[in-house]
């Protein structure tokens, strides 16, 4: 199973430096602002983002996105993203947490496009009330263990 290989290669002991955590905050802010700034469906946005070129670039050890302001990142998103309009607003705090969680997980070695397959955004959103107060590594471990 492909998911099992991805999980086995995950290094939950890897140290994430403060610069990398800034990248987590950038993605978290982008996810939290997507509804207000882009007037789009948040789940659709997160799914497209995690499958897109920016997330792929952010997955690399050296990324130009370490220095990007979240508002500028939102402005730089490809116009080719075919996002559904905002119909049902989601919690910006939950989206922010999901952005941080997904980016932190990617920094531990799992590509963004795989993370969104393992834990779809709707599943992460549903888990937010119970997991947002636990250590981020523990939250990832809980998602992996099911």
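Dividing the mean sequence gap of close Cα pairs (under 8 Å, 6+ apart) by how many residues the chain holds gives a relative contact order of 36 percent.
When the Gaussian network model of the chain links Cα atoms closer than 10 Å, the mean-square fluctuations of 81, 58, 73 top out at 81.
For the chain, the longest principal axis of the Cα atoms and the long axis of helix 18-38 meet at an angle of about 40 degrees. A Förster radius of 22 Å combined with the Cβ-Cβ distance from residue 80 to residue 123 puts the calculated FRET efficiency at roughly 0.25. Our estimate of slack between residue 88 and residue 134, defined as 0.36 nm per intervening residue step minus the Cα-Cα distance, is 13.9 nm.
The simple spin-label model puts a point 7 Å past each Cα toward its Cβ; for residue 72 and residue 15 those points are separated by 2.9 nm. Taking Cα atoms only, the orientation of helix 92-107 departs from the longest principal axis of the chain by about 50 degrees.
With neighbours defined as other Cβ atoms within 10 Å of a residue's Cβ, the residues 57, 88, 114 order from fewest to most as 88, 57, 114. Which label belongs to the value computed from this structure, given these candidates for Rg and Dmax of the Cα atoms in Å: [x] 16.3, 50; [y] 14.2, 40; [z] 15.1, 50? The value matching this structure is [y].
Using the rule -39500 (n - 2.57) for each DSSP H run of four or more residues, divided by the residues of the chain, the 222 nm mean residue ellipticity is -19500 deg cm²/dmol. Spatially, region 59-105 and region 30-54 are offset by 5 Å when compared through their Cα centroids.
A short reminder: the numbers here are calculations on the coordinates, not readings from a lab. Since we're looking at a predicted model, the values are computed, not measured. When we count neighbours, we look across all protein chains shown, and the Cβ atoms used for this are built from the backbone with ideal geometry, even at glycine.
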